[in-house]
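Report on the structure given below.
Any read-out appearing in this document is the output of simple, stated calculations on the displayed coordinates, not a laboratory observation. All values reported here derive from a predicted model rather than from experimental measurement. Here the Cβ is made from the backbone with ideal geometry for all residues, glycine too, and neighbour counts use every protein chain on show.
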Amino acid sequence: MSSYLRFLIRTVIVALFSFFSKRFFDIEVSGLENDPETIHTYLAISHKRDLDSIVSIPPLFFHRGRRALAGEIQFALRADAFERGYLARLLPRPRWLSHLLYPISLGPFLHWVGAHPIEQLTQRAGTEWVRHLLQVEGDVRASEAFTPAFVRELASSARVSYQQLAGQHLSRLLTWRYFHALLPFQTLDILLEPVRRRMERYLALRIKQEISDLGVVLWNGNSLFTAPEGQLSPTGTLSPINSGLHRLLRLGPPDLTILPIYIMYDFMTTQRPAIFIDVAPPIPHAPSLSNHELDAQLQATWRGNAHFTCTQLGSGFLVAANRTRSTFTLDDAVNTISEQAARLVEAGRKVDERLLQPQQARERVQAFLRYAERLGLIQSADSLTWKPTAGDMVMKVRVGETGYGEAPLVYAWNELQDLLSVP
């Protein structure tokens, strides 16, 4: 009965993910035939948005069918998803809703449906540092765990005096009053030196146990769905592969196959955004490869099988125009982007097919330029002529955050250069 209920709940969740994805995005999936559909598969998604899992799980699960829905595919999720406050972090607005969600913990439910926590060693939200400190140091005062600089920063964000915050016990920092002040991601540098060393040892042991648990999951005849980068891409380029993957390969079955899955967002548009999910050819017998060989092959496979969209090709056009400070017309943009799309197809790369159809390409490019105009990246000279006004191409990203919201042009340009880095 419990197994049937789990199957039913997982099916409902996947169906809701599918409905949400198709309700707000144009979803295009390619390469499902590359899925070996075997146990002992590590489904490795590139990590650009929190939406990655929501949009990619439905096609993969429905392709594998009943076994996947029943639990054959398990998940490794960031550890804070299992803690109280995660829902409030996902939905910070409206504030009243965030406040209502704050006491809720998804941990027991996530474990039940087949999810497993995996920690980051060096960075996490301030609230998670406080939770770990309570385990390592006990309920000490903030000044006994955090550096004076961080206490000062946190006091300013929470709008309390330095002395008041410094004297607060750690357990008090997990109340709603300090929730938003502790939302930003922080590194180990916020901890006092003796505390930092103890925390590193604690987290290293915790991560070792979590990876060991994932190894057992694979040996029990399951596949694992997760992001081996271990973090969202802050700048648009692929992040280094987390060492946790290499540790897992040493503990998992020798026949483990890695299935690379790249997710690309066509987000710079006033039309309906599009998401391309590309399932690449698998990497068999991954444990037999060296760490360097595996990382290089996985990242090259991601890049080589990803779709180029109007967002990425359009960013290249705008960056070139911005460098020369020259005006351009809609026809200039359409012709340049369409020609590059055609050259990429000739070279064997994947491109949004709308960019190969004259009328659809024109509509897509025009929607891209309208988006750029709204953000002040270009300025209209007349109805079909613009001049670039993007300024410098600098992206400043805080630890644990991504730049696609604040600097979409730079983010998309970085994505383009990343994809073009493979022949």
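I need a count of the residues in the stretch 128-144 that are within 17 Å of Thr175 (Cα to Cα) and part of a loop (DSSP other than H, G, I, E, B).
The number of residues fulfilling the criteria is 3.
Would you mention how many residues in the stretch 355-366 are in contact (Cβ under 8 Å) with a residue 12 or more places away in the chain and surrounded by fewer than 20 Cβ atoms within 10 Å (Cβ to Cβ)? Walk me through it before giving the result.
Filtering the stretch 355-366 down to residues in contact (Cβ under 8 Å) with a residue 12 or more places away in the chain leaves 355-356, 358, 361-366.
Adding the requirement that they be surrounded by fewer than 20 Cβ atoms within 10 Å (Cβ to Cβ) leaves 356, 358, 362-363, 366.
Matching residues across the stretch 355-366 total 5.
Considering only the stretch 214-255, state which residues are surrounded by fewer than 19 Cβ atoms within 10 Å (Cβ to Cβ) and aromatic (Phe, Trp, Tyr).
Scanning the stretch 214-255 gives a single hit, Trp219.
Residues are listed down the side, and each one gets a yes or a no for (1) small (Gly, Ala, Ser); (2) more than 30 Å from Glu373 (Cα to Cα); (3) under 20 Å from the mean Cα position of the chain (by Cα):
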| residue | (1), (2), (3) |
| --- | --- |
| Leu256 | no, yes, no |
| Met264 | no, no, yes |
| Pro282 | no, yes, no |
| Pro287 | no, yes, no |
| Gly316 | yes, no, no |
| Ala321 | yes, no, no |
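For Arg398, all conditions in the list (1) farther than 27 Å from Ile27 by Cα; (2) over 22 Å from the mean Cα position of the chain (by Cα) hold save one; what is the number of the exception?
That leaves (2) as the condition not met.
Taking into account only those residues within the stretch 381-423 that are farther than 16 Å from Gly314 by Cβ and among the hydroxyl-bearing types (Ser, Thr, Tyr), which is surrounded by the most Cβ atoms within 10 Å (Cβ to Cβ)?
In this case the residue turns out to be Thr402.
When you scan the stretch 147-244 for helices (runs of 4 or more DSSP H) that lie fully inside it, which ones turn up with 2 or more residues that are closer than 20 Å to Arg124 by Cβ?
Qualifying helices (runs of 4 or more DSSP H): 148-158, 193-219.
One line per residue, one yes/no per condition, for (1) free of Cβ contacts under 8 Å to residues at least 24 places away in the same chain; (2) surrounded by 22 or more Cβ atoms within 10 Å (Cβ to Cβ); (3) more than 15 Å from Leu355 (Cα to Cα):
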position: Thr257; (1), (2), (3): no, no, yes
position: Pro260; (1), (2), (3): no, yes, yes
position: Met264; (1), (2), (3): no, yes, yes
position: Val279; (1), (2), (3): no, yes, yes
position: His285; (1), (2), (3): no, no, yes
position: Leu313; (1), (2), (3): no, yes, no
position: Phe328; (1), (2), (3): no, no, yes
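Working only within the stretch 32-51, note down all residues that are among the acidic types (Asp, Glu) and under 23 Å from Phe20 (Cβ atoms).
Asp35, Asp50
Exactly one condition in (1) at positive phi; (2) free of Cβ contacts under 8 Å to residues at least 12 places away in the same chain is not met by Asp392; state its number.
(1)
What number goes with the only condition from (1) surrounded by fewer than 21 Cβ atoms within 10 Å (Cβ to Cβ); (2) farther than 22 Å from Leu420 by Cα; (3) touching a residue at least 12 places away in the same chain (Cβ under 8 Å); (4) aliphatic (A, V, I, L, M) that Leu289 does not pass?
Here Leu289 meets the rest and fails (3).
Which residue pairs have Cβ atoms closer than 8 Å, lie 6 or more positions apart in sequence or on different chains, and pair a first residue in the stretch 335-348 that is under 14 Å from Arg364 (Cα atoms) with a second residue that is surrounded by fewer than 15 Cβ atoms within 10 Å (Cβ to Cβ)?
Ser338/Leu356; Ser338/Pro358; Ala341/Leu356
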